[in-house]
1. Failed condition for residue 17, given (1) modelled with pLDDT of 95 or more; (2) surrounded by fewer than 17 Cβ atoms within 10 Å (Cβ to Cβ); (3) in contact with an Asp or Glu (Cβ under 9 Å, 6 or more places away or on another chain), with all others met?
2. Just to be sure, is residue 33 of a type outside the set (Val, Ile, Thr) and under 24 Å from residue 121 (Cβ atoms)?
3. Look through segment 80-117, keep the residues that are charged (D, E, K, R) and under 19 Å from residue 19 (Cα atoms), and return whichever of them is nearest to the chain's Cα centre (by Cα).
4. In segment 95-112, what residues are in a strand (DSSP E or B) and at pLDDT 95 or above?
Amino acid sequence: MARIKSTGTRPELMLRKALWRTGLRFRLKPRLPGKPDLVFPGARVAVFVDGCFWHGCPQHGHLPKSNLDYWQPKLARNLARDRQVDAALLQLGWMPLRIWEHEIALDLPACVARIGEAVQLRATNL
C-alpha cells in the first residue's frame, strides 16, 4: 500500500485543472480534519476526490476476493472515518463535498458545475 497515492491522483489533477480553467480558485493542503484535496476558504467548501475502491462507491466499490478478513474491516473503517470527517467539518462551519473518481471520468463538466454552485451558494450566504 506504500505505492498508493493519497494526493495528486489523475482524477484529482483533472478536476483541479478544470476548476482553474473556469476561474474557480482553490487552495491545497489545508489544515482541516480529513485533509481535503482542495478547499475554497472564502466559501468554506472542502472538496474530497474519493476513489471508488477505497471509499466504498455504491456503483463501483467491491471487495477483493482474497484476504477478506483484512479488507472488510479496513474498508468499513474508511467509510466510518469519512462520516466522522464530514461531521467534524460541518461543526467547524465547512461544507464537505465528495466527488467520486468515476464521476470525474464520466462527466467532468458536471463535477465542476456542482462545485461551482456550492461555492457560489456558500459565498453568498456567509
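1. The failed condition is (3).
2. For residue 33, the condition - of a type outside the set (Val, Ile, Thr) and under 24 Å from residue 121 (Cβ atoms) - is met.
3. Among residues in segment 80-117 that are charged (D, E, K, R) and under 19 Å from residue 19 (Cα atoms), the one nearest to the chain's Cα centre (by Cα) is 98.
4. Once the filter is applied, which keeps residues that are in a strand (DSSP E or B) and at pLDDT 95 or above, segment 95-112 yields 95, 96, 97, 98, 99.
Per-residue answers, yes or no, for (1) closer than 26 Å to residue 124 by Cβ; (2) aliphatic (A, V, I, L, M); (3) buried (at least 17 other Cβ atoms within 10 Å of the Cβ):
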site	(1), (2), (3)
28	yes, yes, no
39	yes, yes, yes
42	yes, no, no
50	no, no, yes
56	no, no, yes
82	no, no, yes
89	yes, yes, yes
99	yes, yes, yes
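The values are calculated or read from the model by the stated rules, or taken from the named source; none is laboratory data. Keep in mind that what you see is a predicted model, and the values were worked out from it rather than measured. Because the Cβ atoms are built from the backbone with ideal geometry, glycine has one as well, and the counts that use them run over all protein chains shown.
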